[in-house]
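Peer 1: Once you've had a glance at the structure underneath, I'll fire off some questions.
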Amino acid sequence: MDPKLEERARELRTLLQKASIAYYVHDAPILEDSVYDRLYRELQELERAYPELVTPDSPTQRVGEKPAEHFPTVFHRIPLYSLENAFNPEELEEWQERLLRVLGRAPVPDGGTEGELEYVCELKIDGAALALTYIEGLLERGATRGDGQAGEDITPNVRAIRSIPLRLATADPPPVLEVRGEVYLALAEFERINRERCSAGDPPFANPRNCAAGTLRQLDSRVVAARKLSFFAYALHWPEGWPAGDPPQTQWQCLQQLKELGFPVNPLSQVCRGLGEVIQFYERWRGAQLPYASDGVVVKLNSLRLQEEAGFTQKFPRWAIALKYPAQEVPTRIRAILASVGRTGAVTPVAELEPVPLAGTLVSRASLHNADRLRELDVHIGDTAIVRKAGEIIPEVVGILKELRPADAVPYSLPSQCPECHAPLVRPPGEAVTRCPNPECPAKLR
Ligand code: IVH
């Protein structure tokens, strides 16, 4: 092997990695796309001619040729907790009171920020949690959250996400490093994917979160590469003794460290002293038009020492909470109503809507729940419905604007026969749910 070629391959890898970090982490490209593509091709050709030059962190090694057969289960070395929710500032204050009690601190005085706790506020990105493991600086594994204890090893797909570094940007990597963050889809990319699905006759994804989570679990990593997933890192677990010098002592320093290691970190994060500043941050971003879906603000104690003191409940860290944005409501027209039969045989009326943007996603279907709700709302096809998204995957119709009912609107009630197998539907007395009783119904077997 000509050492000059080896040297060239190394230089190309290093430059392409640097260019990716400049692009994805710092939003400050250092290479034109066409220049990047040309250099990438050169590396690819070198590697094709001399396969011994290929390294696992080469940017050419992101997407494999062979689809995976399944995703093995992996146990997380450090469990992934979820967050307690607060739905308004009062609930946030109650959380802080509990936190202060656990920390053995006096209630925070009114006025001023003296003696107030310091928090980091981060946007709560509505995507899918991802746990990354780096061994000696190389990406070893990417796993879904699963139940928090064990998830699925989706490494081939994680490698296909361009903004996730295959190698940490440090000359002194620790033996093991765990990074956590959120995989998400930019809204523009989500809409592009749904447009493509509609023209291919495939059902659209309900929202960017579903689309991101579904994409992560695709067996073919080429599909993952074609849907441009993004990533924001928000947590870092490092072994004792690393980094040499001074390890991070605050969440804010963790975010800076993550950036230095080459991870994209949401630039809107902010240190806030006291809940007054936290609520200002929340008001600032609630309802803002962002290029991705966010469903609230995550509030974290900044000091890692205090985080440790506060600890965890059975389910949640006591040192962090999600302050959720309130559900939003919008009006839109009902084009049709379908009776959808679920796995349990439950029949749910679902409204097909004129697509409408709602809390960051394009909504085209909404649940009408059951026969009682249909009657209560007096729903007609052609009506203008008020649709709300309250954290559920499928939004719901919460009202009808009867003043806007057109003359040709058609009343709707659930069919008497199963739309799938034509068995007569039943509704046991005292129950809200209408069901298909046929155990062989294809909807149940699906
Ligand atoms: S911190 C122990 N920070 O929200 C702390 N989570 O139920 C755990 N999420 O599953 C999470 N943005 O996937 C954190 N800036 C952020 C986040 C965030 C989104 C997700 C995460 C988690 C869920 C909380």
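Peer 1: Packing-wise, with mean Cβ within 10 Å as the measure, how do 292-299, 162-169 rank, highest first?
Peer 2: So the order, starting with the most tightly packed, is 292-299, 162-169.
Peer 1: Which residue, ALA186, GLY245, ALA206, has the largest displacement toward the positive end of the dipole of the range 170-261 when charges sit on each Cβ (Lys, Arg +1; Asp, Glu -1)?
Peer 2: After comparing all options, I get ALA206.
Peer 1: With axes computed from alpha carbons, what is the tilt in degrees of helix 274-285 against the longest principal axis of the chain, rounded to the nearest 10 within 0 to 90?
Peer 2: Taking Cα atoms only, the helix is inclined about 70 degrees.
Peer 1: I would also like to ask the following. Quick check on packing: order 183-195, 199-211 by the mean number of other C-beta atoms within 10 Å, highest mean leading.
Peer 2: Taking the mean over residues of other Cβ atoms within 10 Å, the ranking is 183-195, 199-211.
Peer 1: How long is the gain from GLU309 to SER416 if the chain were fully straight, where each residue apart is worth 0.36 nm and the alpha carbon distance is subtracted? Walk me through the numbers before you get to the answer.
Peer 2: Values: separation 107, 0.36 × 107 = 38.52 nm, distance 5.96 nm.
Once the chain is fully extended between GLU309 and SER416, it gains 32.6 nm.
Peer 1: With bins 20 Å wide starting at 0, give me the P(r) of the chain over every alpha carbon pair, in whole percents.
Peer 2: Taking all Cα pairs of the chain, the binned fractions are 21, 48, 27, 4, 0 percent.
Peer 1: With respect to the cross-link table entries LYS259/LYS324; LYS124/LYS389; LYS300/LYS324, which display a Cα-Cα separation exceeding 18 Å?
Peer 2: The answer is LYS259/LYS324.
Peer 1: Moving on. Please order PHE71, PHE231 by the number of other Cβ within 10 Å, starting at the fewest.
Peer 2: PHE71, PHE231
Peer 1: Take peptides 42-53, 394-405 and line them up by average Cβ neighbours within 10 Å, highest first, as a rough protection proxy. Display every interim value, and only then the final one.
Peer 2: On the way: 42-53: 14.0, 394-405: 16.2.
Sorting 42-53, 394-405 by mean packing, highest first, produces 394-405, 42-53.
Peer 1: Among the Cys residues of the chain, which have no other cysteine Cβ under 4.7 angstrom away?
Peer 2: CYS121, CYS198, CYS211, CYS254, CYS272
Peer 1: Points 7 angstrom from Cα along the Cβ direction at ASP57 and LEU445: gap in nanometres?
Peer 2: About 5.3 nm, to one decimal.
Read the figures in this text as sums done on the coordinates, not as results from a lab. Everything numeric in this text was worked out from a predicted model, so none of it was measured. Methodologically, a virtual Cβ is constructed for each residue, glycine included, from the backbone with ideal geometry; neighbour enumeration extends over all protein chains shown.
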